[in-house]
Amino acid sequence: MGIETVGIVGTGQMGLGIAQLLAQQGIRTVAIKMTGGDVSGKYATVDKSLQKLVDREKLTAEQKEHILEALTITTDLHELRDCDLVIESIVEEMDRKQQLFHELEQITSETCLLASNTSTLGITELASAVQHRERLVGLHFFNPATVMKLVEIIPTLHTPNDTVERLHKWVEAIGKTPVVVKDETGFIVNRLLTPYMVDAIRAYERGLADAAAIDTAMKLGCNHPMGPLELADYIGLDIVYHMATNLYETFKEPRLAPPPLLRTLVIAEQLGRKSGLGFYDYSTRPATPRKL
Ligand SMILES: NC(=O)c1ccc[n+]([C@@H]2O[C@H](COP(=O)([O-])OP(=O)(O)OC[C@H]3O[C@@H](n4cnc5c(N)ncnc54)[C@H](O)[C@@H]3O)[C@@H](O)[C@H]2O)c1
């Protein structure tokens, strides 16, 4: 059975990015803004992103219009009733996600697959909130979703093999490269990447060097496209904090625990790029490293 209509729940940086990616692939996409209110700002964000592609002659104006036609953004979860797959991409909180999956199970048909874009939360634990646990898998996209090639597919002990095969083919069909990974905190990428970012924050906290020096060192010394602190700002410090907390709670290795400075920044709602302040101040261009 084909996957023709896809729902995305959450229109933050990941949810909206995945919605745009799918609409660009010609898939009917329904994105749900969970915080209510006006959706015109969300359409404007996608429009602006597509317009950049038109300006660079990667899309025609006509293609842009087709993409926008394929995309519906709404605040009504019931609009997901005809979806073949719904991908959840809301705030990284187990209770909230479980509650949402419970609601989604009531709204969607039994043949609709349910997926979570969680960075580190357990898929089996998320699935324990639904009656038909075999419907729920992890589908982990990377930021920005329109550009990054990887998608981690995370089956659980309840997932039938043909569902994994179906999703594998679908991920390839949308132009991405799938890897299948067991349901263990952090999967592959965040299991390896989060300790690195957390180490960099701890090194900064201890005064090893300033933020720009740490980032420059890793870019020029290791040929990374971004340094660890600018990457943490890009991902969102709340997301990094949740990832470190979840990894620490699973593996109990002190090195994985979120450093105090990261916690302070999250409490201060200085979450990196999306809130304008993090390890850098984004009110200037280029962003200015802060002294924290
Ligand atoms: N940022 C990344 O690099 C990245 C990469 C891959 C996966 N993820 C995962 O994607 C998910 C979303 O992350 P994001 O970076 O888009 O975050 P974000 O902060 O940009 O967006 C979060 C979304 O959740 C919604 N939300 C906030 N509180 C809510 C609540 N109580 N109930 C329901 N919805 C609520 C917001 O309206 C927003 O749409 C998380 O699970 C995160 O771990 C993030």
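Table: residues versus (1) of a type in the set (Gly, Ala, Ser); (2) in a loop (DSSP other than H, G, I, E, B); (3) under 21 Å from residue 181 (Cβ atoms); (4) modelled with pLDDT under 95.
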| site | (1), (2), (3), (4) |
| --- | --- |
| 106 | no, no, no, no |
| 118 | no, yes, yes, no |
| 124 | no, no, yes, no |
| 152 | no, no, yes, no |
| 166 | no, no, yes, no |
| 170 | no, no, yes, no |
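Among the residues of region 217-229, some residue qualifies, meaning at least one is in contact with a Pro (Cβ under 9 Å, 6 or more places away or on another chain), in a helix (DSSP H, G or I) and within 20 Å of residue 277 (Cβ to Cβ). For residue 17, indicate whether it is within 28 Å of residue 164 (Cα to Cα) and in the same structural domain as residue 171 (by TED's automatic domain parsing). Criteria met by residue 17.
The set of residues from region 1-20 being hydrophobic (A, V, I, L, M, F, W, C) and within 13 Å of the ligand (Cβ to nearest atom) comprises 8, 9, 14, 16, 18, 19. One residue stands out in region 6-65 among those that are in a loop (DSSP other than H, G, I, E, B) and small (Gly, Ala, Ser): the one that is farthest from residue 84 (Cα to Cα), namely 37.
Taking (1) touching a Pro at 6+ places or on another chain (Cβ under 7 Å); (2) within 21 Å of residue 118 (Cα to Cα) in turn, residue 255 satisfies each apart from (2). Looking at region 75-82, is at least one residue in contact with a strand residue (DSSP E or B) (Cβ under 8 Å, 6 or more places away or on another chain) and within 21 Å of residue 152 (Cα to Cα)? Checking region 75-82: not a single residue is in contact with a strand residue (DSSP E or B) (Cβ under 8 Å, 6 or more places away or on another chain) and within 21 Å of residue 152 (Cα to Cα).
Do you know which of the residues in region 42-91 that are small (Gly, Ala, Ser) and under 26 Å from residue 167 (Cα atoms) is surrounded by the fewest Cβ atoms within 10 Å (Cβ to Cβ)?
Among those that are small (Gly, Ala, Ser) and under 26 Å from residue 167 (Cα atoms), it is 70.
Across region 92-114, which residue is nearest to the ligand (Cβ to nearest atom) among those that are aliphatic (A, V, I, L, M) and touching a helix residue (DSSP H, G or I) at 6+ places or on another chain (Cβ under 8 Å)? Per the stated criteria, the residue is 94. The set of residues from region 117-144 being more than 8 Å from the ligand (Cβ to nearest atom) and among the hydroxyl-bearing types (Ser, Thr, Tyr) comprises 124, 128. When restricted to residues that are more than 15 Å from residue 9 (Cα to Cα), touching a residue at least 60 places away in the same chain (Cβ under 8 Å) and not β-branched (Val, Ile, Thr), region 20-42 contains 2.
The values are calculated or read from the model by the stated rules, or taken from the named source; none is laboratory data. Keep in mind it's a predicted model, so treat the numbers as computed, not measured. When we count neighbours, we look across all protein chains shown, and the Cβ atoms used for this are built from the backbone with ideal geometry, even at glycine.
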